[in-house]
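Read-outs throughout are calculated quantities, based only on the coordinates presented, and are distinct from any laboratory measurement. Keep in mind it's a predicted model, so treat the numbers as computed, not measured. Reconstructed Cβ throughout: ideal geometry from the backbone, glycine too, with neighbour counts over all protein chains shown.
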Number of protein chains: 2
Amino acid sequence: MLELYHAGLTTCSKKVRLCLAEKGLDYRSHYLDLRKFEHHRPEYLAINPNGVVPALVHDGEPILESMLINEYIDAVFPNPPLRPADPLALARMRLWTKLADNYGLAAVVPNTWAFYQPVLARLSADEYEKMIAQVPTDERREQWRKAADNSFSAHDHEKARASAKRIVEKIETGVGDGPWLMGQAYTLADIDLLPYVDRIALYFPDILGPDADTPRTLAWLERMRERPAVKESYTPSADAPASVVPVAGK
Amino acid sequence: MLELYHAGLTTCSKKVRLCLAEKGLDYRSHYLDLRKFEHHRPEYLAINPNGVVPALVHDGEPILESMLINEYIDAVFPNPPLRPADPLALARMRLWTKLADNYGLAAVVPNTWAFYQPVLARLSADEYEKMIAQVPTDERREQWRKAADNSFSAHDHEKARASAKRIVEKIETGVGDGPWLMGQAYTLADIDLLPYVDRIALYFPDILGPDADTPRTLAWLERMRERPAVKESYTPSADAPASVVPVAGK
């Protein structure tokens, strides 16, 4: 039995939801509303002590971290395969998934979290302190404070732009004629990078857009958006309600 | 034919050198002296455009990123196995290697790079600017500037301490009776975390040491230091000369 704890249309959740959709796998969906801080509740922290989404639970066993969840899904449900069998190609694919893991969130965090500011502004001082106290890691607590105070620094924004540029430059020079990042094979490289690239196009049109010199990345993005599984997992639904962040690509 | 481009006793290089030593694999060693900025030279950038060590070259094909190199080595040279075969155990092992990858360098960078300050101070203004111009990424350029100016910020040092704490806490609560991080099986989890934990003990004795409440982590560290392959790869040798950073565990 597969269960997914996720936050619908948020980036890391879409990464895993798309992987499951490409495999055509059924799962029990547990939608957590980040605006209600449901991912900080004790019952979820028992599954993921880091208090971040998503988490996959397979036959009662939690698997954490979207990059690792997708590798697990492909190992246990190998059809259709989403990783190359050859070790060298696999190491190259993982350079892409690691790029997504290392630079994806950094690229989108200041802009994405700004959308939470109005949500946080509606909390009373007591509610706010109670929420902060439930955040299980210092790292995330700092991010919530910055979102509440709208205090992401110039350095945070520079780091976001540098991360976005790094991702786009790697794709622009690496995708070739594609159609996918690993060439003919559609893999976790494409799946893991899409949520961030999709938002980079929304937040930083000067880095990725018709006026930026990024034709190959844009063409890849369009090919991705045409995939039925992408349409299914990137569009609001009962399972993944519209979030505070606008849906990209519209 | 295996070739390793590495910087001897530096953290990420030790990660891969230990993996190769545990496998008993022979390789052609290319030692790069970071104090001479040999990792920024065009001939190395042709292998790793990011200008960081190590890089493995197998039959002419470069494999990058220490975490991914070690997975590659274990896939291609499976004896003795350093990863569990079961997908769930493998996902758990990767939580450890990802912990090393995400927090290891952050934990040690400000202290380690401070040792480079005297090296940089000996450069003329021209030599310094020439060196900086050769650094291929903004991220690394910023680090070299901070090392030269001795300008790692209070925030950098706080982040280092928080990263060190996170690693030690995860090991302290996760290693159980061991002997290894995955229990009876010695894996890449142990290999990938060791270089950082070894330095955390050196830099932050209040976080990891006899006066910190970390008996399980210290016991694991001692078990690791007793392994012949660790002694071989963590001790200065012709292949891995003493660096600017003191050898830990002495």
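One table, with the values for the structure above:
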quantity	calculated
Other-chain or far-sequence residues with amide H under 5 Å of A:M182's (modelled H)	A:T187
Cα-based Rg of segment A:2-76 normalised by 2.2 N^0.38 Å, two decimals	1.00
Bins of 5 Å from zero: percent of alpha-carbon pairs in segment B:87-231	2, 9, 17, 18, 16, 12, 11, 8, 5, 2, 0
Over the protein assembly as shown - Rg/Rh using Cα atoms and the Kirkwood inverse-distance radius	0.94
Global form of segment B:105-148, assessed from the alpha-carbon gyration tensor, a/c cut-off 1.5	oblate
Listed pairs B:K15/B:K165; A:K14/B:K23; B:K36/B:K165; A:K98/B:K146 exceeding 29 Å between Cα atoms	A:K14/B:K23; B:K36/B:K165
Average beta-carbon neighbours from other chains, 10 Å sphere, peptide A:88-94	6
For chain A: rounded, prolate or oblate by the Cα gyration tensor [a/c cutoff 1.5]	oblate
Extension gain, B:E222 back to B:S124 (0.36 nm per residue minus Cα-Cα distance, nm)	31.0 nm
Charge sum, other residues only, whose C-beta stays under 9 Å from B:R225's C-beta, Lys/Arg counted +1 and Asp/Glu -1	0
Theoretical ellipticity at 222 nm over chain A - DSSP helices of four or more residues, -39500 (n - 2.57) apiece, nearest 500	-16500 deg cm²/dmol
Largest-first principal axis extents, alpha carbons of segment A:121-180, Å	55, 24, 22
Of A:A100, A:A121, A:A189, the one that fluctuates the most in a GNM where chain A has Cα springs shorter than 10 Å	A:A121
Normalised contact order of segment B:87-231, rounded percent, pairs of Cα under 8 Å and 6 or more residues apart	30
